[in-house]
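Inspection log for the structure reproduced underneath, given as structure tokens.
The values are calculated or read from the model by the stated rules, or taken from the named source; none is laboratory data. What you see is a predicted model, and the numbers here were worked out from it, not measured in a lab. Cβ coordinates were reconstructed from backbone atoms using ideal geometry, including for glycine residues, and neighbour counts include every protein chain displayed. Protein only, heavy atoms only, side chains kept; ligands, DNA and RNA dropped before computing areas. Shrake-Rupley method; radii C 1.70, N 1.55, O 1.52, S 1.80 Å.
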Amino acid sequence: MPPTTPSSRLTDSRLANLAARQIYDGFCRFCGRFQEITCLAQKRFEEKDWHAQRTDSVQRLNLYREIVDRVVIMVEELLGERRTRKVVWSSMKAVYSGLIAEQADWELAETFFNSITRRIFTTVGVDPQIEFVDPDFDLPPLTNPQSLYTVYYPDNLDETVRQMLLACQLTVPFANFAEDCRQISERLRCFLQKNRTSLYRIDVIDSLFFRGKGAYLIGRIYTPQGLVPLALVLLQGKKGIFIDAVLLDEGSVSILFSFTRAYFHVMVERPSDLVQFIRSILPRKRIAEIYISLGYNKHGKTELYRTLLNHFKQSDAQLEIAPGQHGMVMTVFTPPDLDVVFKLIKDRFAPPKTTTRQDVMRNYEMVFRHDRAGRLIDAQSFEFLEFKKSRFTKALLAELLEIAANTVHIEENMVIVDHAYVERQVTPLDIFLKQADQATANRVIVDYGQAIKDLAVTNIFAGDMLLKNFGVTRHERVVFYDYDELRPLTECNFRNFPQAMSYEDELAAEPWFHIAENDVFPEEFLHFMGLPGNVKGTFMQHHSDLLDATFWQQTQQRILAGAIITIRPYLEQHRLPQPSDILDS
């Protein structure tokens, strides 16, 4: 007979109240610490303490799991033998819903509760009895705009711009405040003139958005034709802060909130208000992606799951094998009428792959915590997904059962996927180049080389540089999505081929010199990239340095010296001209 514990004498009702309170207290601890870390972002920016900023980012990414782990232990100890009794959890959900009813961030609180239940129950699919599948509350309208943004009615545009910058309330002065104001006003006037329109109101979010070495002022402009997004990019230079760029189009501002970027640090009272504001200027951006970009990645995952559920309710289209060459490590499928892909790790990897399932999952975890530099796709990890068997094409289901039988299994008329990564779908680069005109192909192949360089300066070596492992977004930016061979750049030993000692050495079928496991020979890259002939010359014109060990060795030296290189998430044409004595060294 099990020993009697204090909680074992409690009624189900009383136990549910106590356990719901434990989960609620855990959520409050998470929110408090999340805000504490986020609040440091302005200080890091003002002090140019980029390494501390990166440490803060990693701490904030780890925070959710750390607190959920502790709450799970506490709840399991409290519930004892009733830890998986659904009638208790149903009562807990009702009590918890009451506790969060007045919370400004109740939608995040619901996701937190779901995280606890799914850890304890390992639910297949969803269970509305013990989870918040649909929100318990309607999203209220923004009743107090003053808590989120400031409204400007620009009778005098120059003065309005001046007030917008002064409202940033940074302790570091601008290097050339008057000139920055003049250039911003000029850009705005040129935009209005070019589009033959006018503005009558500007809304600006009161909090700056911090990420990496930049701070972003985000707003919206009201014109007779509709809303225009506004983003001003603030950087730190040798003599203070300066405006580096002015963004005035949906595409450019959307890239700031991309699924390939690290998450912003921004202080906000009610996250849903900020999400609604951003959605008003980026209507094509999913709610899930906006939450994720703001650092609420767990709730973004909840919103993504709801998007999938709603889509499958409305669409009869079958899941099918995703376009592109089949990978050696992952199998990928997609709904043809939704721009997401499901990526499953295969049971076995064909030679010459020597990586393991654990290695692949570690690399995905590394990408989650790393500065993605606008080049690595953020993946959401899902467990125990449930689909109707009829949802799959015969070819897809046969493939999954053959090469991922440890992950995929059938229960009656349902297909259960124990684990999958869900990502935004992009067009594989090799396919894109075949379909693109010459000018577009040239532009994209240049960006392919730049993507490799951007990853390198953030201490990422892609490993396998085949075109099929890269994709092209709707903004025609090249991104990388094959993570099984990712590794830190500083762990590689980049070498040029040694000079042959004899004619026989040159003709030898096998290397005549020793090659260590971490040796990399950039001179071989061109052969393995498989560049089409019509773009090879363009690539060599812009990125021939990638084929020399010197580039890689110098990049390693900069990383090891502690350098953090600025990667701008916008085109050169959006930048403001600044004198060299203002720009950062």
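List of remarks:
- Condition broken by Q129, with the remaining ones in (1) open to solvent by less than 40 Å² (accessible area, probe 1.4 Å); (2) not in a helix (DSSP H, G or I) satisfied: (1)
- Residue match in region 520-530 (condition: open to solvent by 30 Å² or more (accessible area, probe 1.4 Å) and among the aromatic types (F, W, Y)): yes
- Scanning region 314-348 for residues that are of a type in the set (K, R) and within 20 Å of the chain's Cα centre (by Cα) yields one hit, K343.
- Among the residues of region 25-68, those that are open to solvent by 30 Å² or more (accessible area, probe 1.4 Å), in contact with a helix residue (DSSP H, G or I) (Cβ under 7 Å, 6 or more places away or on another chain) and of a type outside the set (A, V, I, L, M, F, W, C) comprise R29, R33, R44, Q59.
- So E386, is it out of contact with any His (no Cβ under 6 Å at 6 or more places or on another chain), over 30 Å from F539 (Cα atoms), part of a helix (DSSP H, G or I) and of a type outside the set (A, V, I, L, M): no
- For region 36-46, the count of residues that are more than 30 Å from Q236 (Cβ to Cβ) and touching a residue at least 24 places away in the same chain (Cβ under 8 Å) is zero.
- Close pairs from region 69-85: first touching a residue at least 60 places away in the same chain (Cβ under 8 Å), partner β-branched (V, I, T) and assigned to a loop (DSSP other than H, G, I, E, B), Cβ under 8 Å, at least 6 apart: G80/T5
- Residues in region 259-286 that are free of Cβ contacts under 8 Å to residues at least 60 places away in the same chain and open to solvent by less than 30 Å² (accessible area, probe 1.4 Å): 4 in all.
- Positions within region 44-56 being closer than 21 Å to A561 by Cβ and not β-branched (V, I, T), in sequence order: R44, E47, K48, D49, W50, H51, A52, Q53, R54
- Of the helices (runs of 4 or more DSSP H) lying entirely inside region 269-340, those carrying at least 2 residues that are over 26 Å from G212 (Cα atoms), out of contact with any Lys or Arg (no Cβ under 6 Å at 6 or more places or on another chain) and of a type outside the set (S, T, Y) are 297-314.
- When residues of region 228-248 are limited to those that are assigned to a loop (DSSP other than H, G, I, E, B) and in contact with a strand residue (DSSP E or B) (Cβ under 7 Å, 6 or more places away or on another chain), the one surrounded by the fewest Cβ atoms within 10 Å (Cβ to Cβ): G240
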